[in-house]
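Scroll down for the structure; my scribbles are underneath it.
The numbers here are math on the coordinates, done by the rules we state, and not lab data. Everything numeric in this text was worked out from a predicted model, so none of it was measured. When we count neighbours, we look across all protein chains shown, and the Cβ atoms used for this are built from the backbone with ideal geometry, even at glycine.
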Amino acid sequence: MPRPIDASEQYVPGLDGIRALAVTAVVGYHLGVAHLSGGLLGVGMFFTLSGYLITAILLRSWRKNGNLSLSTFWLRRARRLLPALGVVLFVVLLATALASPSSFGTRGGEALAAGFYVSNWTTILHGVSYFSLFRPPGPLDHLWSLAVEEQFYLVWPLLLLGLLHLFRGRMRAVVFSTLALAGVSFGLLAVFAHGTLDNTRAYEGTDTRAGGLLLGAVLAMVWNLSPRALRIATGAKVMLDAMGLCALAVIVWLITTTDQYSLSLYNGGILLLSLATMVLIAVVVHPASLMGKALGVLPLRWVGERSYAIYLWHLPVIAVFPTTMLKSVPVLRVLFLVAVIVGLSSLSWTFVENPIRRLGFRGAVQAATRFLSEARTPALRIGTSAALLSVVVASGVGAVEVMNVKTSTTTTTTETSVAAPMTTIRTPSAAVVAGRTSCRVVTYDGDSTSVSLISTDYLPNPADRINARLFAVGVQSFHNEISGAQSTTETWNGQPNAQQRIAARWASGVRGCWIFALGTNDSANLSFRNGPAAPRIDAMMRLVHGQPVMWLTVKTIIATSPYADVQMQKWNAGLLAACKRWPNMRIYDWRSEVQNSWYISDGIHFSSLGSQQRAKRIAGALTRAFPQGGASPKSCLVSSGIPG
């Protein structure tokens, strides 16, 4: 932590080193740095370290004064946390007002929740997913962790005081009680987590994440070192540092081998991370530890001091810049963004955080006023003020570019949501596909990958949309069952799944041909269950009672996550196998025709050009699967017949 303002408190540089490692992991995760897929675990490291530090502060007061000095403790927390947060919230709201006034209400609500440190619960209660692949990061998404910590800072001192009085200062009883509470928290973490795409409730809940903080508190209770601890045998020193290295190795292993979808995180992974962080802290604070000295070197210490500001600023900065900027040179993109983040964080530490934590709110304002008034020239005063203001404002302008999208997207439970519209590519409509289909009535059931086919944002020309494309090849009636977050089996937010939709269409008397553009969400869901695709495909086929059906193969350009393309390939294999069981089934091999450049940045959904091509090619494939005046081809797999 930064050097204490109270000279009686000991400063341990190695703890800043741990903070530097943790914030590096988090920033790397949000920047998409290779091998940091589990970088979000850096937050768990912060939790355990925070639990240790605040409990150590409280217990020092207890031993010295017989009380926890709560008013002093909370005042110092306010001085440390509120000013920098206030600046970030101000900048984000200012940028919103300038760049996207229509989004100000939404962003204002998020800022209000962040200011009152309840972001985690508002996210959970509103069903917003922290793990959504299908929307760009919001500039305030990361503030849930500050909410968890602040809620802990408010409740834990009172609870600790109660335990100390209840057990009359007997620390062993307090330790066991705290361990029991931590056990309950980790138990809730496992209970609320499930094998799906979204575990926001488990990940962001105060009750489920308090365990890491409480284990840090336990360490502060049991690891109270005296100056004599320095005088230990050489063998003990070696063992001490070996334990630290092992703990660090476990942390690195977890960060590099897991990701946000790993159920193992909730069934013991976060507990293991917390325990490893406990060991690492215990080693670093020991005066005889070489590892403490290694982690306390100046570069790590410098980053650690500014880690709070780095954490605050990193996501607003990432949200500023379009994902396409410097996309072809990702290393340069990462370096540029890191430079901006570190620069803003350094300014925050120098001009906001450090002065206020040392001098208080009023003292810092008075010092700044004196500095400006005593500047030797008006130009220096004006330049200094203008520089600070311009840096703050410029850092936020554009931060809400992602707010300008016209479709708000969230993800809950197990499904994907509708992708936000990307920049429309206006190209002349292609010629009508040659050939006609025998299908006069078509029901199209598709998930979020098909939403752009009917979107005025993606396809402003009505002739480019899927219904017009189908009408052009002979279809006379089009029934739309396109909806984001669909799968054949799971439901999302109470909306019907694909089976329920098709059953309802059939019950209403709809007959004809059926196009099923499903499987993306099914593939992701099956990745958790490692189950076969056949039961899902067969269930859909039974609903149409032998009428013509054309399925689309699926593809993503993602290498990891439940939506990785390897999962899509398994679904496609299931489709091909189903053709042998269902003679009324044909498959349009969209996978073999789609080009990588037709995808948007999430690697799953399609751009305007991709959507235009997809609609045109689906219509072409239907003329081949079920041609007018002729029999369907014997081969189950068909193409669109469109080159390129």
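Work from the charge dipole of the range 441-638 (Cβ charges, +1 for Lys and Arg, -1 for Asp and Glu, about the Cα centre) and give the residue of I587, A631, N521 farthest towards its positive end.
The residue sitting most towards the positive pole is A631.
Give me the angle, in degrees from 0 to 90, between the Cα long axis of helix 330-348 and the longest principal axis of the Cα atoms of the chain, rounded to the nearest 10.
Relative to the chain, helix 330-348 is tipped by roughly 40 degrees.
Note the direction-averaged projected area, equal to a quarter of the hull surface, for the Cα convex hull of the range 232-334, in nm².
On the way: hull surface 35.9 nm².
For the range 232-334, the mean projected area of the Cα convex hull comes to 9.0 nm².
Could you give the dipole magnitude of the chain about its Cα centre, charging the beta-carbon of Lys and Arg +1 and that of Asp and Glu -1, in debye to the nearest 20?
Numbers: 53 positive and 29 negative charges, 85 e Å.
Using Cβ point charges on Lys, Arg, Asp and Glu, the chain gives about 420 debye.
List R536, R60 from most exposed to least, where exposure is judged by having the fewest other Cβ atoms within 10 Å. Before the final figure, lay out the partial values.
On the way: R536 25, R60 18.
So the ranking, lowest neighbour count to highest, is R60, R536.
Could you state the number of Å between the C-alpha centres of the range 528-557 and the range 463-477?
24
Using r as the Cβ-Cβ distance of L275 and A534, and R0 as 41 Å, what FRET efficiency do you calculate, to the nearest 0.05?
FRET efficiency, L275 to A534: 0.45.
May I ask you to compute the full-extension gain from H35 to R172, defined as 0.36 nm times their residue separation minus their alpha-carbon distance, rounded to one decimal in nm?
Stretched fully, the H35-R172 segment lengthens by 45.2 nm.
If you find the alpha carbon centre of the range 162-195 and of the range 618-644, how far apart are they in angstrom?
64
Of S639, S452, S50, how do they rank once you tally other Cβ atoms within 10 Å and put the fewest first?
If I rank by nearby Cβ atoms, fewest first, I get S639, S50, S452.
Considering the chain, which cysteines have no disulfide-compatible partner, defined as another cysteine with its Cβ under 4.7 Å away?
C246
Decide, for the range 202-255, between rounded, prolate and oblate: order the square roots of the alpha carbon gyration tensor eigenvalues as a ≥ b ≥ c, take rounded if a/c falls under 1.5, and otherwise choose prolate if a/b is larger than b/c, else oblate.
Values: a/c = 5.88, a/b = 1.63, b/c = 3.61.
Oblate, because a/c is 1.5 or more while a/b does not exceed b/c.
Using only the C-alpha atoms of the range 566-631, find the volume of their convex hull and express it per residue in Å³.
Convex hull of Cα atoms, per residue: 88 Å³.
Where nothing but the Cβ of Lys and Arg (+1) and of Asp and Glu (-1) is charged, how large is the charge dipole of the range 173-282 around its Cα centre, in debye to the nearest 20?
480
Given the rule -39500 (n - 2.57) for each run of at least 4 DSSP H residues, summed and divided by the residues of the chain, what is its mean residue ellipticity at 222 nm, to the nearest 500 deg cm²/dmol?
Value at 222 nm, helices only, nearest 500: -18000 deg cm²/dmol.
Label point 7 Å out from F361 along Cα-to-Cβ: which residues of the range 62-90 have amide N under 17 Å?
Hits in the range 62-90 for F361 at 17 Å: 71-90.
Relative contact order for the range 441-638: what is it in percent, counting Cα pairs under 8 Å that are at least 6 residues apart?
Worked out over the range 441-638, it gives 23 percent.
With 10 angstrom as the radius, rank H142, H479, H605, H35 by how many other C-beta atoms surround their C-beta, starting from the fewest. Can you show the working numbers first?
Working: H142 22, H479 16, H605 29, H35 11.
Fewest-to-most ranking of H142, H479, H605, H35: H35, H479, H142, H605.
Per q in 0.22 1/Å, what log10 I(q)/I(0) does a Debye calculation on the alpha-carbon atoms of the range 118-227 return?
Per q value, in the given order, log10 I(q)/I(0) is -1.18.
Please work out the Cα center distance from the range 72-131 to the range 326-359, rounded to the nearest Å.
Their Cα centres are 19 Å away from one another.
How long, wide and thick is the range 441-638, going by the Cα atoms along their three principal axes, in whole angstroms, largest first?
45, 37, 35
Which whole-number percentage describes the relative contact order of the chain, with Cα contacts under 8 Å and a sequence gap of 6 or more?
Relative contact order comes out at 16 percent.
Where does helix 498-507 land angle-wise versus the long Cα axis of the chain, in degrees 0 to 90, nearest 10?
It is inclined by approximately 40 degrees.
Nearest 0.05, what FRET efficiency do L637 and A97 give at R0 = 51 Å with Cβ-Cβ as r? Walk me through the numbers before you get to the answer.
Numbers: r = 53 Å, r/R0 = 1.05.
For L637 and A97, the calculated efficiency is 0.45.
Number of Lys-Lys pairs in the chain under 30 Å by Cα, sequence gap 8 or more or different chains?
Within the chain, the lysine pair count is 18.
Say R0 is 30 Å: what FRET efficiency, to the nearest 0.05, do A507 and V566 get from their beta-carbon distance?
The computed FRET efficiency comes out at 0.20.
In degrees between 0 and 90, to the nearest 10, how far off the longest principal axis of the chain does helix 104-115 point, with axes built from Cα atoms?
Roughly 30 degrees, rounded to the nearest 10.
Among 112-122, 466-476, 213-223, what's the highest-first ranking by average C-beta atoms within 10 angstrom per residue? Walk me through the numbers before you get to the answer.
Working: 112-122: 18.6, 466-476: 20.2, 213-223: 22.6.
Taking the mean over residues of other Cβ atoms within 10 Å, the ranking is 213-223, 466-476, 112-122.
Sorted by mean Cβ packing within 10 Å, highest first, what order do the peptides 512-520, 596-604, 483-491 take?
The peptides rank, most packed first, as 512-520, 483-491, 596-604.
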